[in-house]
Amino acid sequence: MNVWYVNSILGTFRLEEENDAICGLTLCPDGVPELEPLPRKVCETPLLQEAEEQLNEYFAGARREFDLPLAPKGTPFQKAVWTEMNKIPYGETRTYGQLAAAVGKPKASRAVGGACHCNPIAILQPCHRVVGSTGKLTGYAYGVEMKQYLLELEQQE
């Protein structure tokens, strides 16, 4: 697995590539861990470089869609939820219930929430676009404040 650390307005993210696909994007709450080899761009690969560029464009408001091969690891149900989640257009939201219905499990809203929480590729797989049934911003692995920030970013023209 190749690892690359990406600095952003939201903090430092750990970007992971395996078998020519992105398999992880997670926030490092304390920046780059000391146990990781330095410099920051440890395993510079074309894909990791492209992913960083696309993330920077997204945070600058210049990119609405990501064009990267993704290979998240999860259960068949989680993968089905993530596939539907990836269809949510930039600047829009869907409810957990809508995603549950889309994967053929209309009563599985809580399980969809669990799949969103386990999303290994934050932002690139837009779990921040999934909201509660009333439109309320409910749980997000990196905090509701970050979820709100990302949604507001996508509302800017």
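The values are calculated or read from the model by the stated rules, or taken from the named source; none is laboratory data. Note that the structure is predicted; figures quoted are calculated from it, not measured. Note that each Cβ is placed from the backbone with ideal geometry, even for glycine, and that neighbours are counted across all protein chains shown. In case anyone asks, the SASA skips ligands and DNA or RNA and just uses the protein heavy atoms, side chains included. Shrake-Rupley method; radii C 1.70, N 1.55, O 1.52, S 1.80 Å.
Using modelled amide H (1.01 Å from N, peptide plane; none on Pro or chain starts), what sits under 5 Å from the amide H of residue 12, excluding residues fewer than 5 places away?
Long-range HN contacts for residue 12: 28, 31.
Report for the range 11-157 the percent antiparallel among DSSP-assigned beta bridges with both residues inside it, nearest 5.
The antiparallel proportion sits near 65 percent.
Suppose accessible area is computed on protein heavy atoms with a 1.4 Å probe; arrange 1, 146 from highest to lowest.
1, 146
Given charges of +1 on the Cβ of Lys and Arg and -1 on the Cβ of Asp and Glu, with all other atoms neutral, how large is the dipole of the chain about its Cα centre, in debye to the nearest 20? Intermediate results must be reported in sequence, preceding the final value.
On the way: 15 positive and 20 negative charges, 201 e Å.
Roughly 960 debye, rounded to the nearest 20.
Can you pull out the cysteines in the chain that have no other Cys Cβ under 4.7 Å?
Lone cysteines by the Cβ rule: 23, 28, 43, 118.
Could you pull the accessible area for residue 133 with a 1.4 Å probe, rounded to 10 Å²?
The accessible area comes out at roughly 110 Å².
With springs connecting C-alpha atoms under 10 Å apart, model the chain as a Gaussian network and identify which of 19, 86, 119 has the largest mean-square fluctuation.
Ranking 19, 86, 119 by mean-square fluctuation puts 19 first.
Quick check: with the 1.4 Å probe, what order do 53, 17 take by accessible area, largest first?
53, 17
Putting +1 on Lys and Arg Cβ atoms and -1 on Asp and Glu Cβ atoms, find which of 23, 89, 62 reaches farthest to the positive end of the dipole of the chain.
Sorting the options by dipole projection puts first 89.
For q = 0.10 Å⁻¹, what log10 I(q)/I(0) does the range 1-153 give under the Debye formula with an equal point scatterer on each alpha carbon and no solvent?
Summing over Cα pairs of the range 1-153 leads to -0.34.
Mind checking which lysines have their Cα closer than 20 Å to the Cα of residue 73? Skip sequence neighbours fewer than 8 apart in that chain.
The qualifying lysines are 87.
Between 126, 29, 72, find the one with the highest GNM mean-square fluctuation for the chain; connect C-alpha pairs within less than 10 Å.
Sorting by GNM fluctuation, first place goes to 29.
Quick one: 3J(HN,Hα) in Hz for the range 116-124, Karplus 6.51/-1.76/1.60 with θ = phi - 60°, rounded, Gly and Pro as x.
For the range 116-124, the Karplus-derived couplings read 4, 5, 8, 4, x, 10, 4, 6, 5 Hz, x marking Gly and Pro.
So for the chain, taking the charge dipole from beta-carbon charges (+1 Lys/Arg, -1 Asp/Glu), which of 109, 142, 46 sits furthest toward the positive end?
109
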